[in-house]
Amino acid sequence: MRPIGAPGVGLPRWVYLPAALATVFVALPLVAIAIKVDWSRFGSLITSPASRAALLLSLRTATASTLLCLILGVPLALVLARHRGALARVLRPLILLPLVLPPVVGGIALLYVYGRLGLLGHYLDAAGIRIAFTTTAVVLAQTFVSLPFLVIALEGAARTAGSDYDMVAATLGAPPATVWWRITLPLLAPGLVSGAVLAFARALGEFGATLTFAGSREGVTRTLPLEIYLQREGDPEAAVALSVLLIAVAAVVVVGLGARRIAGWNAGG
Amino acid sequence: MADLEVSATVASRGLDVQLRVAAGEVLAVLGPNGAGKSTTVAVIAGLLQADAAVVRVGERTLTDTDHGVCVPTHDRRIGVLLQDPLLFPHLSVIGNVEFAARRHADRSAARQRAQRWLAEVGAQNLADRKPAELSGGQAQRVALARAMAAEPDVLLCDEPLAGLDVAAAAATRPVLRRVLTADSRAALLITHDLIDVLTLADRVLIMEDGKVAEVGPVAQVLAAPRSAFGARIAGVNLVRGVLVEPGVLRAEPGPGLPGVLWHGNPADHLTPGQDVSAVFSPAAVAVFRDQPHGSPRNSVLIRITGLEVNGAVVRIRAEEQPDGAPGLAADVTPDAVAELGLRAGEQVWFTVKTQAVGLHAGSGHA
């Protein structure tokens, strides 16, 4: 007996047990935190000056780093998608490294580039430019960890799309720059959106690299995750409320991305 | 407009071809899969780096590997029409054609030219649709309009009708023919379909194993193929003439001989007075000693020049047609040959049913 609507070869029944456990494992903490929230004080908790400053800083820096990811990541993704040579083979794992690197390590590494005594920071400092422990450092840390998300999503989309349309556009007399703006990028719009959303979500949750490289200065580098970590000691209820806020933002992002994928893009366009 | 001259060697694909297409000429390229037809197109369009190649269009040298010349694809003015129309999915139909027209024109001129080309292919009413909303035949006609709107010096068609069903291909073929013969542009047409060759091409080139196996006027190559592939696709009877009324062709008269009338099924939209070819298989021909009466509408008295055994059938070859075209052929069983006592030099009647004769635009240009 197989359930109606599931023809073909079924899965062994025991598979459903770990699958159910996995679902509970992910859902239970979310439920627990939602139960823990003091909903009557929720509004005032998330609108305290410190919370508002952290939320605004998070949104601003995540937006800035997403833009930076797009500007740098889109060309990189296309280069990786279109080239099969040794360069792409070396480049790809290098670019994806931040994906698996502990963020704290990333933060330390960034310090050794942009810190006062770092590789570039040395010269920047001489020119009067300081990056470490500023809002710029927050943006750089977020970009460092979220760039691979955008590149992966977009490279896959670009590979699937292939270059046939670009080829046809060239035979119609369009020079490469015209093809890039009018054919390549518009056709990658779905991948671009999902890549940007992933990058934004990752930037929003960035903690380790930010703390190491940018510190925790209220209004300057203390983003929402840092604020939550800090409040956990002094005002656990505020930490919980802010956590729920972050979960809500993440949920909006994930659901939005999912809906976008399901709806496709041909009908809308 | 200008001639296209190509010589290309691509060692990795075993390609070594030389070809020439005069301005205003359509050269059909036939050949088995993997013969190098599409590779040739890619080299001409500048999409593939050849080991050694020269591509010239008139005075312009587009590729010359000896002198390090390789004009980028977008500056070649070589249009490409593929089996997949590849209309840009994010642009409307008119947007697609305008994209090509923008090259030499400002926005309003480009829109005008795009509309003119859409009208040319009978797709002006589709202008605001998205490519996803078009049928295969419509999409291919729009792709043709788009390719032409870029005003290429040369048009390369790589099996443009192969992706369409029979009805859509039949509806698209006359449009392609009208556009290809409209001005003095050189065109190269890769196809697997003999009807495309007969209706669209002036000359035919047969490629085998990356080499040119033979090249010549359509009627000549089809009548007396020298290559294996040519022989396989040929072997049909071809009568050239003029359409005198719907479904009726008058064969080219010979010296002192009237043109015979042939009744058939028009495969394209044909108008009286037009050059037309009647095409039918030797297997559709029946042979009689006396003039038959009744249903078969077409019967001609011919003199047998030879009989060849061809597997289970005997092919009867007739003398040249009055206009000098190759003689008709009939495939009959050995029993029938024995029963009728057929021999070379004798006169017999060849008859063909109307339904077995296809009438196509174009006379295969001797």
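The values are calculated or read from the model by the stated rules, or taken from the named source; none is laboratory data. Being a predicted model, the structure only gives us computed values, none of them experimental. Using ideal geometry, Cβ is built from the backbone for each residue, glycine included, and neighbour counts are taken over all protein chains shown.
Figures for the structure shown
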quantity: Any helices (runs of 4 or more DSSP H) falling wholly within region A:88-165 and containing at least 3 residues that are surrounded by 21 or more Cβ atoms within 10 Å (Cβ to Cβ); calculated: A:103-114, A:135-161
quantity: Matching entry among B:Leu243, B:Leu270 (being assigned to a strand (DSSP E or B), closer than 26 Å to B:Thr172 by Cβ, at pLDDT 75 or above and not charged (D, E, K, R)); calculated: B:Leu243
quantity: Residue match in region B:279-291 (condition: among the hydroxyl-bearing types (Ser, Thr, Tyr), under 22 Å from B:Val166 (Cβ atoms) and outside the structural domain of B:Arg177 (by TED's automatic domain parsing)); calculated: yes
quantity: Among (1) crowded, with 20+ Cβ neighbours inside 10 Å; (2) within 11 Å of another protein chain (Cβ to nearest Cβ); (3) assigned to a helix (DSSP H, G or I) - the single one A:Leu192 does not satisfy; calculated: (2)
quantity: Selection count, region B:136-172, where residues are crowded, with 22+ Cβ neighbours inside 10 Å, charged (D, E, K, R) and either away from every other protein chain (no Cβ under 14 Å) or in a loop (DSSP other than H, G, I, E, B) (or both); calculated: 1
quantity: Condition check for A:Leu119: over 30 Å from B:Leu87 (Cα atoms), aliphatic (A, V, I, L, M), modelled with pLDDT of 90 or more and over 21 Å from the mean Cα position of the chain (by Cα); calculated: yes
quantity: Verdict on A:Val179 being away from chain B (no Cβ under 14 Å) and among the aliphatic types (A, V, I, L, M); calculated: no
quantity: Subset of region B:324-354 [more than 17 Å from B:Ser277 (Cβ to Cβ), under 26 Å from the mean Cα position of the chain (by Cα) and outside any loop (DSSP other than H, G, I, E, B)]; calculated: B:Ala330, B:Asp331
quantity: Only listed residue being assigned by TED's automatic domain parsing to the domain that holds B:Leu87 and at pLDDT 90 or above, chosen from B:Val142, B:Val166; calculated: B:Val142
quantity: Residue check for B:Arg113: buried (at least 16 other Cβ atoms within 10 Å of the Cβ), under 30 Å from the mean Cα position of the chain (by Cα), in a helix (DSSP H, G or I) and without any contact (Cβ under 8 Å) to a residue 40 or more places away in the chain; calculated: yes
quantity: Any hit, region B:63-79, residues being in contact with a Pro (Cβ under 7 Å, 6 or more places away or on another chain), closer than 25 Å to A:Tyr165 by Cα and either hydrophobic (A, V, I, L, M, F, W, C) or not assigned by TED's automatic domain parsing to the domain that holds B:Phe229 (or both); calculated: yes
quantity: Residue count, region B:280-323 (criterion: of a type in the set (Asp, Glu) and either part of a strand (DSSP E or B) or modelled with pLDDT of 90 or more (or both)); calculated: 1
quantity: Criterion (at pLDDT 95 or above and more than 14 Å from chain A (Cβ to nearest Cβ)) met by exactly one of B:Ile94, B:Ile44; calculated: B:Ile94
quantity: Of residues in region B:116-135 being of a type outside the set (D, E, K, R), crowded, with 18+ Cβ neighbours inside 10 Å and in a helix (DSSP H, G or I), the one farthest from the other protein chains (Cβ to nearest Cβ); calculated: B:Leu126
quantity: Condition broken by A:Thr160, with the remaining ones in (1) modelled with pLDDT of 90 or more; (2) out of contact with any Asp or Glu (no Cβ under 6 Å at 6 or more places or on another chain) satisfied; calculated: (1)
quantity: Within region B:24-49, considering residues that are touching a residue at least 24 places away in the same chain (Cβ under 8 Å) and of a type in the set (S, T, N, Q), the one surrounded by the fewest Cβ atoms within 10 Å (Cβ to Cβ); calculated: B:Ser38
quantity: Top-ranked residue of region B:73-98 - restricted to ones that are touching a Gly at 6+ places or on another chain (Cβ under 6 Å) and outside any loop (DSSP other than H, G, I, E, B), ranked as surrounded by the most Cβ atoms within 10 Å (Cβ to Cβ); calculated: B:Thr73
quantity: B:Ala23 being more than 15 Å from B:Ile190 (Cβ to Cβ), assigned to a loop (DSSP other than H, G, I, E, B) and hydrophobic (A, V, I, L, M, F, W, C); calculated: yes
quantity: Cβ-Cβ under 7 Å pairs, at least 6 apart or on other chains, region B:318-335 side touching a residue at least 40 places away in the same chain (Cβ under 8 Å), far side in a loop (DSSP other than H, G, I, E, B) and of a type in the set (D, E, K, R); calculated: B:Pro322/B:Glu252; B:Asp323/B:Glu252; B:Pro326/B:Glu320
quantity: Complete set of residues in region A:143-176 that are among the acidic types (Asp, Glu) and either more than 16 Å from the chain's Cα centre (by Cα) or facing chain B (nearest Cβ under 10 Å) (or both); calculated: A:Asp164, A:Asp166
quantity: Boolean, A:Leu28 is in contact (Cβ under 8 Å) with a residue 24 or more places away in the chain and of a type in the set (A, V, I, L, M, F, W, C); calculated: no
quantity: Residue, surrounded by the most Cβ atoms within 10 Å (Cβ to Cβ), within region A:36-54, restricted to residues that are among the aliphatic types (A, V, I, L, M) and at pLDDT below 90; calculated: A:Leu45
quantity: Filter result for B:Ala101 (more than 8 Å from chain A (Cβ to nearest Cβ) and crowded, with 23+ Cβ neighbours inside 10 Å); calculated: yes
quantity: Some residue of region A:6-26 being under 30 Å from A:Thr221 (Cβ atoms) and either in contact with a His (Cβ under 8 Å, 6 or more places away or on another chain) or modelled with pLDDT of 90 or more (or both); calculated: no
quantity: Subset tally (residues that are free of Cβ contacts under 8 Å to residues at least 12 places away in the same chain and more than 10 Å from every other protein chain (Cβ to nearest Cβ)) for region B:60-81; calculated: 5
quantity: Test result for A:Leu45, outside any loop (DSSP other than H, G, I, E, B) and more than 30 Å from A:Gly156 (Cβ to Cβ); calculated: yes
quantity: Any pair with Cβ under 8 angstrom, 6 or more apart, that starts in region A:209-223 at a residue that is at positive phi and in contact (Cβ under 8 Å) with a residue 24 or more places away in the chain and ends at one that is surrounded by fewer than 23 Cβ atoms within 10 Å (Cβ to Cβ) and hydrophobic (A, V, I, L, M, F, W, C); calculated: A:Gly215/A:Phe133; A:Gly219/A:Ala53; A:Gly219/A:Leu57
quantity: Residue satisfying condition, being of a type in the set (Asp, Glu), touching a residue at least 24 places away in the same chain (Cβ under 8 Å) and within 14 Å of another protein chain (Cβ to nearest Cβ), within set B:Asp84, B:Asp16; calculated: B:Asp84
